[in-house]
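S.K.: Before we start, here is the structure in question, set down as structure tokens.
Computed from the coordinates by the stated procedures, all read-outs in this text should not be read as laboratory data. Predicted model, so just to flag it, every value in this text is computed and none were measured. Glycine also receives a Cβ, built like all others from the backbone with ideal geometry; neighbour counts cover every protein chain displayed.
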Amino acid sequence: MSKINIIKIDIEGGEEHIENGLSYISNFPDINLLISLHPPFWSDKNKTANMLIKQFEKYDVFNDNEENISKSELMQKMLDETPTGYRNRTGFDFALILKTKQPNG
């Protein structure tokens, strides 16, 4: 059986509930996450955005074009009140690629 190396997370605005899962998955080397974020659906944007930023520190974070995305750029996207920059055919969401950081040594 092949080893799992990618997990897709798309929970339509329920991102505030994935803190424990993100923390757990970060312990496994060579796991990549494809995560869709839906900030307009978050009940508390600031709280959810800050939690995600904290969890994302455990990963190398890329946009869907596989370009590094900075914490400040990501925070701006998550808190944008007029999210025209990431409107797509399914609504206001955007995807990230998270790669678990390799252990030092």
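S.K.: Check which residues have an amide H placed less than 5 Å from residue 7's amide H, if you skip close sequence neighbours.
M.R.: Excluding prolines and chain starts, which carry no amide H, the hits are 32, 33, 34.
S.K.: Which trypsin sites (Lys or Arg not before Pro) in region 1-60 pass both tests, a DSSP loop state and at most 13 other beta-carbon atoms within 10 Å?
M.R.: Those that pass, being in a loop and sparsely packed, are 3.
S.K.: Only sites in a loop by DSSP and with at most 11 other Cβ atoms within 10 Å count here; which GluC sites (Glu not before Pro) in region 1-66 make the cut?
M.R.: Qualifying residues, ordered by number: 12, 57, 66.
S.K.: Which links in 71/101; 45/99; 3/54; 47/101; 47/71 stretch past 20 Å when you go from one Cα to the other?
M.R.: Beyond 20 Å between Cα atoms: 45/99; 3/54; 47/101.
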